[in-house]
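No value in this document is a laboratory result; all are computed from the given coordinates. Quantities reported herein were computed from a predicted structural model and do not represent experimental measurements. Please note: Cβ atoms are built from the backbone with ideal geometry, for glycine as well, and neighbour counts cover all protein chains shown.
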Amino acid sequence: MADPSTSGRTFAAHWARALESGDGWAEADLVAAEERLGVRLPAALREAYLLFGRRRDLTSNHDVLLGPAELYVDDAKEALVFRHENQGAASWGILLDSLQDDDPAVFIRPDLADESAEQWEGWLERLSLCFVEIVLSESLQADEELCDFLDADDDSIGLLGENAVRLPFPAYPTGEDEHAIRWFLSQDVLLRSDGGLAVLARGRTAEDLDRVRDLIPGDWLNDCR
């Protein structure tokens, strides 16, 4: 599941639109980014960008995957930034001293009122896992007919565990346990539990989404039935 090439192709074909030639950036775009920045882009980033980096429905429905020409090194010269939260509340990056690794860890930095308190915090232990997470998370922010959000409580989380299978994806952010993000699947419905505080769902069809709403009842945001 951590291979962005296999995972990206399989997910796109099953949940969106199959990957095609032209869905990724060209090698020349990545070379130009490396020359401009004076750094080597990790193999896992190159592979994902070449395969589906231009497919905004897989990468940028909510948060934004930066294009090669938009990649930058943060002001503190600590990390290569490749993704932004949609309202600028956080950025994702790779520490500069790990760029030589093919599949380095990914860190997140919140945008705080007190800039002195901002620091890079662990997100996922491998960049390839982060690209799988990006594709999964952005799929939850697609058409409202297929996606929904639920403020969760203990009953909701209990029913989630009873009616869905947890996916073999590590809980994250790195080192988080009690409020970690976890992924589930229930009969063609992808679900994400955000620390037990919210459940996000994406069905392959509207009927699939309705079924999971019935299995996990609550005040679903987009349920107009």
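Placing +1 on each Lys and Arg Cβ and -1 on each Asp and Glu Cβ, with no other charges, gives the chain a dipole about its Cα centre of roughly 820 debye. Here's the picture: charge each Lys and Arg Cβ at +1 and each Asp and Glu Cβ at -1 in the chain, and of Asn61, Leu41, Gly158 the one pushed furthest to the positive end of that dipole is Leu41.
Of the residues Ala198, Leu140, Gly88, the one whose Cα sits farthest towards the positive end of the charge dipole of the chain is Leu140 (charges of +1 on Lys and Arg Cβ, -1 on Asp and Glu Cβ, taken about the Cα centre).
For the range 63-177, the convex hull spanned by the alpha carbon atoms encloses 153 Å³ per residue. A Cβ-based charge dipole, computed about the Cα centre of the range 4-130 with Lys and Arg at +1 and Asp and Glu at -1, lands at about 600 debye. Near Gly24, once Lys and Arg are set to +1 and Asp and Glu to -1 for all other residues with Cβ below 13 Å from its Cβ, the sum equals 0. Each principal axis of the Cα cloud of the range 140-215 was taken in turn, and the coordinate range along them, longest first, works out to 36, 24, 21 Å.
For helix 43-52, report the angle its Cα long axis makes with the longest principal axis of the Cα atoms of the chain; keep it between 0 and 90° and round to the nearest 10°. In the chain, helix 43-52 runs at an angle near 60 degrees to the longest axis. Taking the square roots of 5 times each eigenvalue of the Cα gyration tensor of the range 4-130, largest first, gives ellipsoid semi-axes of 24, 17, 13 Å. So, R0 is 25 Å and r is the distance between the beta-carbons of Glu70 and Glu144; what FRET efficiency does that work out to, to 0.05? Here the calculated transfer efficiency is 0.35.
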